[in-house]
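Student: One structure, pasted below without further comment.
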């Protein structure tokens, strides 16, 4: 069913160029962090849909970026198998890309979220959605 010989590698290596894989890792990590910030940490969001939104974002990221970069989105997901199998091809892409993407996603979300209204007023206007 699966190729489980010692030569099989279940880690993440770039299929495209390193630059292409780096760009896609930054983009998908940005999207994931932006969605997580929006639905899981914002008091204005409806908490019951947080898991669905994050799960759908991961699914979309895997469908879009999987064939190009493997859609790592997490350095630990790539570092662990690379250390075990001693395959370090393009590993820097999977360390640098998600770090830049998540920092940018959090920064942009906080930039967009900042407003002159107090949070209590924003929460009152969204209370009709929380029934």
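Student: Between residue 106 and residue 48, what FRET efficiency comes out of the Förster formula 1/(1 + (r/R0)^6) with R0 = 25 Å and r the beta carbon distance, rounded to 0.05?
Tutor: Calculated transfer efficiency: 0.65.
Student: Testing the spin-label approximation: label points 7 Å from Cα along Cα→Cβ at residue 99 and residue 113. State their distance in nm.
Tutor: 2.3
Student: Out of every Cα-Cα pair in segment 31-94, what percent are more than 13 Å apart?
Tutor: 67
Here, each number is a calculation from the coordinates, and none is a lab measurement. Source: prediction; values computed, not measured. For neighbour counting, all protein chains shown are included, and Cβ atoms are generated from backbone atoms with ideal geometry for every residue, glycine included.
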